[in-house]
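These notes concern the structure reproduced below.
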Amino acid sequence: MEAVSRTAQWTAAARALETEREDRLFADPYARTVADETGFELLARYDGGGIVPFLAIRTTYLDRAVVKAVEERGIRQVVFLAAGMDTRFFRLPWPDGVTVYELDRPALLETKAEMLKDEPQPAGRTRIAVPVDLTQDWTGPLKEAGWKSEEPVLWVVEGLLFFLPEQAVRTLISTLSAHAAPGSVLLGDVISKSALENPLARGFMKALDEDGNPWLFGTEEPEALLADCGWAVREVRQPGEPGADFDRWPYPVPARSVPRVPRSFLFTCDLPTYEEEKAA
């Protein structure tokens, strides 16, 4: 796999560690398999600054937000962009009739398929792997795979945006809103620009750069970014805040008004239906 794809195994390794805790927030029985030795080696190389608790919090936040979106809105097509070694198709309680599309680079999807080839496919749901390069046209291949732009969709952009330059981030998020029917939902995460510039993270950032996975983008105003790209922002949470703590975050959370603080943000956005807009 390409260097940037291997970061997915690092995330899987952190999920495996959380799964093996007695007080685990979630159970991902596939995480250790897809992490492989590479994932744990990378996790040891990059560890520090709350990475492991952050990944536990991010996974839990998005797990719950995904389940809520499909249950409350009746969404039946879910798209994971840069899906990596995500195994939510196997482990979340999906309602019958859901189709999960996993978009990522071809080599990663091939590797993942080989790792999970002996796992039974859960009944009542469909998983479709769509090999694409997200810096090129990907909506065409997604439509060819069966996705319907006229129906509500749940987009998930987890652990992706900080690997892209700013214009690519804005283009991607705008593309998601432009190709989403009313009632669609966007979930994901982004970091602050100060997180990229944090002196305490220089070793971490240097290691990412050396490994071919540099972090390129951050913003202090995720709400403005998402709104500018066509989304109605429902919530933005930092790890450690209510709704994004889960008794895992070990650090204080400075107010957003405090400058030059490295931050991570978890967000939920949507495109309201006509009825919701009328009621508002």
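The values are calculated or read from the model by the stated rules, or taken from the named source; none is laboratory data. Because the structure is a prediction, the values reported are computed rather than measured. Glycine also receives a Cβ, built like all others from the backbone with ideal geometry; neighbour counts cover every protein chain displayed. For the accessible areas, the whole protein counts, side chains as well, though only heavy atoms, and no ligand, DNA or RNA atoms are used. Shrake-Rupley method; radii C 1.70, N 1.55, O 1.52, S 1.80 Å.
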Query raised in the report: What spacing in nm lies between the two simple spin-label points modelled at residue 168 and residue 41, each 7 Å away from Cα in the Cβ direction?
Result: 2.5
Report summary line: What the Cα atoms of region 55-143 span along the principal axes, largest first and in whole Å, is 32, 30, 28
Report summary line: XL table 112/193; 117/148; 143/206; Cα-Cα > 29 Å flagged, in table order, is 112/193; 143/206
Query raised in the report: Using the heavy atoms of the protein chains alone and a 1.4 angstrom probe, what is the accessible area of the chain per residue in square angstrom?
Result: 46
Query raised in the report: How would you rank 252-260, 144-152, 181-189, highest first, on the average number of other Cβ atoms within 10 Å across their residues?
Result: 181-189, 144-152, 252-260
Query raised in the report: On the first, second and third principal axes, largest extent first, how far apart are the outermost C-alpha atoms of the chain in Å?
Result: 47, 46, 39
**Report entry** Residue of 123, 227, 16 that the Gaussian network model of the chain assigns the largest fluctuation, springs spanning Cα pairs under 10 Å
**Finding:** 123
Requested in this report: Tell me, rounded to the nearest percent, the portion of alpha carbon pairs in region 126-236 spaced more than 20 Å apart.
Outcome: 46
Requested in this report: Report, for the chain, the % of DSSP beta bridges that are antiparallel, rounded to 5.
Outcome: 40
**Report entry** Phi to ³J(HN,Hα) by Karplus 6.51 cos²θ - 1.76 cosθ + 1.60 over region 228-238, Hz, x for Gly, Pro
**Finding:** 4, 9, x, 10, 8, 7, 8, 6, 10, 10, 9
Report summary line: Once both label points are put 7 Å beyond Cα along the C-beta direction, the residue 126-residue 67 separation in nm becomes 2.5
Query raised in the report: Taking the Cα centre of the chain as the origin and placing charges on Cβ (Lys, Arg +1; Asp, Glu -1), which of 192, 83, 107 is farthest toward the positive end of the dipole?
Result: 192
Query raised in the report: Using only the Cα atoms of region 1-120, what do you get for the radius of gyration and for Dmax, in Å?
Result: 14.2, 41
Requested in this report: Give me the distance in nm between label points sitting 7 Å out from Cα along the Cα-to-Cβ direction at residue 205 and residue 181, one decimal.
Outcome: 4.3
Query raised in the report: Using a 1.4 Å probe on the protein chains only, how many percent of the accessible area of the chain belongs to carbon and sulfur?
Result: 50
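Assuming R0 = 35 Å, what is the FRET efficiency of residue 224 and residue 151, from their Cβ-Cβ distance, to the nearest 0.05?
On the way: r = 29 Å, r/R0 = 0.82.
Between residue 224 and residue 151 the formula returns 0.75.
Taking the alpha carbon gyration tensor of region 213-261, what are the square roots of 5 times its eigenvalues, largest first, to the nearest whole Å? Before the final figure, lay out each step's value.
Numbers: eigenvalues 90, 49, 30 Å².
Listed largest to smallest, the semi-axes of region 213-261 are 21, 16, 12 Å.
Stretch residue 216-residue 96 to full length: gain in nm at 0.36 nm per residue minus the Cα-Cα span?
Details: separation 120, 0.36 × 120 = 43.20 nm, distance 3.87 nm.
Stretched out fully, the residue 216 to residue 96 stretch lengthens by 39.3 nm.
Given a Förster distance of 45 Å, report the FRET efficiency between residue 135 and residue 23 from their Cβ-Cβ distance, rounded to the nearest 0.05. Before the final figure, lay out each step's value.
On the way: r = 40 Å, r/R0 = 0.88.
Efficiency for this residue pair is about 0.70.
Compute and list, largest first, the equivalent-ellipsoid semi-axes of region 179-280 from the alpha carbon gyration tensor, each √(5λ) rounded to a whole angstrom. Display every interim value, and only then the final one.
Numbers: eigenvalues 177, 58, 29 Å².
Semi-axes, largest first: 30, 17, 12 Å.
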Requested in this report: With springs connecting C-alpha atoms under 10 Å apart, model the chain as a Gaussian network and identify which of 113, 56, 180 has the largest mean-square fluctuation.
Outcome: 113
